[in-house]
Every structure is written in structure tokens, then in C-alpha cells.
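Let me begin by presenting the structure, written as C-alpha cells, before commenting on it.
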Amino acid sequence: MVNNKKNRWQHAQSKEDEFWKRNDVFDDQIARVVSRYGPVINELSKELKPESNILDVGCGPTCAGQLFNIGSKSFLDPLMDSYLKTYPEKIPMGEKLCCPAENIPKEDGSFDVVISFNALDHMINPIKVLSEIRRVLKKDGTFLLGIFLHPAPIALLRRFVENCLPFLREDAHPYSYTLASIRELLGEHFDIAKEIRVFRKNSALFPSLHREDWVFICKKQ
């Protein structure tokens, strides 16, 4: 089972790498990060001290952590080396960590803030990732999770396809979450202080079946 998960993740990572090597995606993706997550990050920045340490988990080449106007930043992604080659002038200043989030190479209580946007559903083991994030957070630290959530019927269908019809699955996303399931998962590791829906597609055709982009502001238990 462990090997199957790792093989699945490696396949997802290869698809992710292919996506980011296209020359037509970066500008749209960074605009999405700024418009959806920027306001939340700006508000949190007001509460931070200049010496705050910030970790961006699964940062991709857009590196949302750079939107903090204060503090020292670390950017972690298993594809970081590839991103540095593809976008050498766009990866921001800060510590670069090229490794999976299941084993963050930092000591306990290293960070005041950890963020992870559009990454948890790409991981090998999301439960272990959340445990690692909790471990490296300081006692009074804040965790920001940004994640796409699906209506229950769509999430159920996606899980069925993932497990039973792999030739139809969405290659880059091994996991699918609903609002209820992500609340339950986060609640095992953090106290959820605030939930913000940052994007919902406006569509007259089956609007209730579209995924939504949410941000969860969490505190270490």
C-alpha cells in the first residue's frame, strides 16, 4: 500500500512538473494566488513581528509566502529544483527546500506561520503532512490551508474513479475533499479559527456541482 501511494504520487508529480514547464501558465496562476490568498495573507501580516519565520509548504513556483510583507520565508516543494531551472528569475528570495512535506527538515517549533495552498491534495500522505506542519509550528503558531473542495457527490465520484477507474482519474490530484471531510481532518491536528470561501465559480449550469476554493485559518492545539 505504501509503495502504491508513493508510485501514485510520483506519477502525480510528473504531471505537475509537465504543467509548470508550459510557457503559458505562470502569469494566470500567480494572478489567482494574489487575488484569492493575498487579502488573507495581508491581514495576517499585520499580526506578525519582523522576526517571524514563515514556511510555504508545497509552494510551487508561485510561492504564495512571498506575499507576506514581513518575516523570513522558507519555500518547500519536492519539485523546487525543477522550478528553479524553469523560473530562475521568478522564484523569490528565501530558503529553498526540495523535499516532500511528509518529512520537513526543520526542528520542532521552528515557524510562526505555515501556509499550504492548493497542495494538500497532491501529497503522498496528507495526514502525515498535517502532523509535520503541526510539529514545526510554534506553540502559538498559525497554519493557513488553501484547498479546493468538492460537493459530496463529486468527491465520491472522484474517489471511485481514483480507486477503480485509474485511466479516468485526474492525474495531478490523488485526493478529493469536501467541506465536511477537511474540517474533520484539520480538527485532528488544529483548532480552526476561521473559514473563508475565496472563490466559487458563477455558472447557471449545475452551480452546486462546481468545486470551491477555501482558506482555513488554524491554530496549533
Quick check: is even one residue across the stretch 190-197 in contact with an Asp or Glu (Cβ under 7 Å, 6 or more places away or on another chain) and outside any helix (DSSP H, G or I)?
yes
Can you pull out every residue in the stretch 138-186 that is over 29 Å from PHE111 (Cβ atoms) and aliphatic (A, V, I, L, M)?
ALA152, ILE154, ALA155, LEU156, LEU157, VAL161, LEU165, LEU168
Hits in the stretch 74-92 (condition: surrounded by fewer than 18 Cβ atoms within 10 Å (Cβ to Cβ) and either of a type outside the set (A, V, I, L, M) or within 10 Å of CYS63 (Cα to Cα) (or both)):
ASP81, SER82, LYS85, THR86, TYR87, PRO88, GLU89, LYS90, PRO92
Residue list for the stretch 76-126, restricted to those being on the phi > 0 side of the Ramachandran plot and among the charged types (D, E, K, R):
none
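Yes/no per residue for (1) modelled with pLDDT under 95; (2) crowded, with 20+ Cβ neighbours inside 10 Å; (3) under 17 Å from HIS122 (Cβ atoms):
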site	(1), (2), (3)
LYS21	no, no, yes
ASP24	yes, no, no
ALA31	no, no, no
TYR37	no, yes, yes
ASN42	no, no, no
ILE54	no, yes, no
CYS59	no, yes, yes
CYS63	no, yes, yes
crowded, with 17+ Cβ neighbours inside 10 Å, free of Cβ contacts under 8 Å to residues at least 12 places away in the same chain and charged (D, E, K, R) - does that describe any residue in the stretch 186-203?
no
Somewhere in the stretch 138-153, is a residue touching a Phe, Trp or Tyr at 6+ places or on another chain (Cβ under 9 Å) and over 17 Å from PHE190 (Cβ atoms)?
yes
Residue ID - nearest to ARG158 (Cα to Cα), chosen from residues in the stretch 178-189 that are assigned to a helix (DSSP H, G or I) and of a type outside the set (A, V, I, L, M):
SER181
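The values are calculated or read from the model by the stated rules, or taken from the named source; none is laboratory data. On a predicted model such as this, the values are computed, not experimentally measured, just so you know. Using ideal geometry, Cβ is built from the backbone for each residue, glycine included, and neighbour counts are taken over all protein chains shown.
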